[in-house]
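Below is one structure, written out as structure tokens, with a few remarks after it.
Please treat every number below as a calculation from the coordinates, not as lab data. Every value quoted in this text rests on a predicted model; they were computed, and no experiment measured them. Cβ atoms come from the backbone with ideal geometry, glycine included; neighbour counts cover every protein chain shown.
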Amino acid sequence: MRCGSRLIVLDAGTGIRELGLELERQGVSSMDLFISHFHMDHLQGFPFFTPSYNPQTHIDIHLAPRGHGRALSEPFHKLMEEPHFPVPFHHLGADIQFHELNGDCHLGEIHVRSQPMNHPGGSTAFRLEYRGRILVYLTDHEPFGGSKDESVRDFMHGADLLIREAQYTTAEYQQKRGWGHSTFEDAVADAVAAGVKRLALFHHDPEHTDLFLERILSDLQSRNRLSGLEILMAREGHCLELAPD
Ligand SMILES: [Zn+2]
Ligand SMILES: [Zn+2]
């Protein structure tokens, strides 16, 4: 996410590898990385993120409190320790600083809010507001199934863009209750109720092919045409602009 000269990266899955190469080409030397949680699919790209090896680069990593006096950096150290990876975290060249998220914070003109989600081991969603535009990144969340779902909708209220996980069909979900993920229907219903303008579905189930997702998308679009919600399936390399009115 680019806001003026500021660059914000949301999670460090495999997509961060290509991003790192592009940032190096562009000479970007400063960024903020927000981590939703430490499951492999959100962290495993980090050792392959080339800016973290560059002594000219500064990276601020933001994450929720870990509790019990555990260091914020611990999951990164573990990720890169022997025998999993040849370069230990403390050998990285970049200046990397960790910051604990406690509710609201400001990064220059960007206002960031965070909220815990319902996921095994926890997950944190982020709401970023910049010059009147709102982006919400909400991943790895299974609806609570009660009044707590209202707080999730409040959190995403009025978003210009909601990047939201939707891993399962309603039928698949019956076998995956408690796994901490949403259905396509959950994601769309929340977005419509919260007055979201654009919904980018991601965290696709590895068993779903492009063709399958395209069929799901056209079905969702045709059934929600009157809601005013724009729905799309996020894909690698996809760029969206939230231009001012
Ligand atoms: Zn997870
Ligand atoms: Zn995940």
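General remarks:
- Translational diffusion of the stretch 1-122, µm² s⁻¹ [Kirkwood Rh, Cα pairs; Stokes-Einstein; 4 °C; 1.567 mPa s]: 86 µm²/s
- With each label modelled as a point 7 angstrom along the Cα→C-beta vector, the ALA243-GLN26 pair spans 1.8 nm.
- Local net charge near PHE48, Cβ-Cβ under 10 Å (Lys/Arg +1, Asp/Glu -1): 0
- Near ILE134, once Lys and Arg are set to +1 and Asp and Glu to -1 for all other residues with Cβ below 12 Å from its Cβ, the sum equals +4.
- Sorted from greatest to least, the principal axis extents spanned by the alpha carbons of the stretch 166-245 come out as 44, 29, 23 Å.
- Distance histogram for the chain (every C-alpha pair counted, 5 angstrom bins, percent rounded to whole numbers): 1, 6, 13, 18, 19, 18, 13, 8, 4, 1, 0
- Trypsin sites (Lys or Arg not before Pro) within the stretch 58-137: DSSP coil, no more than 12 neighbouring Cβ in 10 Å: ARG70, ARG131
- At an R0 of 30 angstrom, the distance between the Cβ atoms of LEU226 and ARG6 translates into a FRET efficiency of 0.20.
- GLU82 versus GLU236: modelled label distance in nm, points set 7 Å from Cα along the beta carbon direction: 3.2 nm
- Loop GluC sites (Glu not before Pro), the stretch 69-109, which have at most 13 other Cβ atoms in a 10 Å radius of their Cβ (DSSP): GLU81, GLU109
- Stretching GLN56 away from ASP41 to a fully extended chain increases their span by 2.7 nm, per 0.36 nm per residue minus the current alpha-carbon distance.
- Of the GluC sites (Glu not before Pro) found in the stretch 173-245, those in coil by DSSP whose Cβ has at most 12 other Cβ atoms within 10 Å are GLU207, GLU236, GLU241.
- Positive dipole terminus of the chain, leading residue within PHE76, HIS91, VAL192 (C-beta point charges): VAL192
- Label separation (ARG66 vs GLU109): 3.5 nm, computed from points 7 Å beyond Cα along the C-beta direction.
- Computed [θ] at 222 nm, deg cm²/dmol, the chain (DSSP H ≥ 4; -39,500 (n - 2.57); rounded to nearest 500): -6000 deg cm²/dmol
- HIS90-PHE48 FRET efficiency (beta carbon distance; Förster radius 25 Å; 0.05 resolution): 0.90
- Positive minus negative residues near HIS203 (Lys, Arg vs Asp, Glu; Cβ under 9 Å): -3
- Max mean-square fluctuation residue, GNM over the chain, Cα-Cα springs under 10 Å, options ALA12, ALA194, ALA171: ALA171
- In a reduced charge model with +1 at each Lys and Arg Cβ and -1 at each Asp and Glu Cβ, the stretch 62-104 shows a dipole moment near 120 debye about its Cα centre.
- Spatial separation of Cα centroids for the stretch 165-205 and the stretch 88-129, in angstrom: 23 Å
- Scoring 30-36, 162-168, 146-152 by mean Cβ neighbours within 10 Å over their residues and listing the highest first yields 162-168, 30-36, 146-152.
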